Amino acid sequence: MSAIKILLVDSEKLVLEGFRKLLDGFTEFSVVSIAHDAASAVEHLRRHRPQIVVMGPGVPGTGGVDATRAIRRESGHVRIVILSSNQQPVYMREAFVAGANAYLSRSIDADELRATLLAVHRDGAAFSAATAGPILQLMSGSYRGDDSPLAMLTERERQILSLVADDQETDCIATHLGIRPKTVRNYLSRIYAKLGTPGRVQTALYAKRSLGGQGSFATHP
C-alpha cells in the first residue's frame with residue numbers, strides 16, 4: 001500500500017520539523033509538503049494533493065478554524081486534522097462546523113496520533129481519548145451555550161475585549177477605562193488564557209466573529 005500523503009500546517013518552523021520527523025518515522029505516512037498559513041496551505045493542497053492535512057497549534061486564525069474553512073472550500077475530500085491545546089467544546093464545535101475531520105489534543109502521544117490518522121484516512125473521522133468526552137457533549141446536546149469562553153470573562157475583561165475588537169491600542173484602552181497601560185496588558189494576558197487565543201490579533205478576530213450581529217459588549221467602566 002502506498003504511503004498516505006500528508007500536508008503539515010503551522011506557523012512555527014520547529015513545530016513543523018518536529019511533526020515531519022515524527023510522521024516520517026511511520027511507514028504509513030509521507031509528508032509531501034509544509035505550509036505556514038491558510039493561503040499557502042491552499043496552494044500546497046493544489047500542488048501536492050495530500051490526503052490528510054494536519055494543522056498544528058500555531059496556525060493563524062483562531063486555532064486553525066479559518067484555515068480549515070479555506071481548505072474545505074478548496075477540497076471536499078481531503079481529511080483535515082486539528083491539533084490544539086484548547087479542549088473546550090465551543091472550539092471543537094467551530095472546528096467541525098468549519099469542516100474538520102478530527103480535533104486532537106496537542107499532548108497526544110505518537111502511537112495514538114498514528115492510530116488516529118489511520119482511522120481518519122480510513123473512516124473519515126476519529127476521536128482521541130482526550131476529546132471524546134467534549135465531543136459526546138456536543139453530539140448529545142448536553143453542551144450549554146453559556147459554556148462559551150466568553151462567559152468566563154469578568155465584566156472588566158469583557159470591556160477590554162470589546163475595545164480590542166474595535167481595534168483600540170493598549171494606551172487608548174487605558175485612557176478610556178482610566179487605568180494604566182500595564183494593567184491593560186495584564187488583563188489581556190488573562191483574556192488570552194481564558195479564550196485560548198495566542199495573541200491580540202487572534203483575540204480580536206475571535207471577538208468579532210463571536211459578536212456577529214449582536215452588537216458590542218458594554219464598554220463603560
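What to note about this one:
- Residue count, region 159-181 (criterion: small (Gly, Ala, Ser), more than 16 Å from Gly199 (Cβ to Cβ) and either touching a helix residue (DSSP H, G or I) at 6+ places or on another chain (Cβ under 6 Å) or surrounded by fewer than 18 Cβ atoms within 10 Å (Cβ to Cβ) (or both)): 2
- Candidates Val53, Val32 - the one that is over 22 Å from Pro198 (Cβ atoms), more than 11 Å from the chain's Cα centre (by Cα) and modelled with pLDDT of 95 or more: Val32
- Residue-level analysis places Ser189 among those that are outside the structural domain of Gly64 (by TED's automatic domain parsing), modelled with pLDDT under 90, surrounded by fewer than 15 Cβ atoms within 10 Å (Cβ to Cβ) and within 23 Å of the chain's Cα centre (by Cα).
- Summed over region 1-21, the residues that are of a type in the set (A, V, I, L, M, F, W, C) and in contact (Cβ under 8 Å) with a residue 40 or more places away in the chain give a count of 7.
- Counting only residues that are exposed (fewer than 14 other Cβ atoms within 10 Å of the Cβ) and charged (D, E, K, R), region 22-48 holds 4 of them.
The values are calculated or read from the model by the stated rules, or taken from the named source; none is laboratory data. All of these numbers come straight from a predicted model, not from anything done at the bench. With ideal geometry, Cβ positions are generated from the backbone for all residues, glycine too; neighbour counts draw on all protein chains shown.
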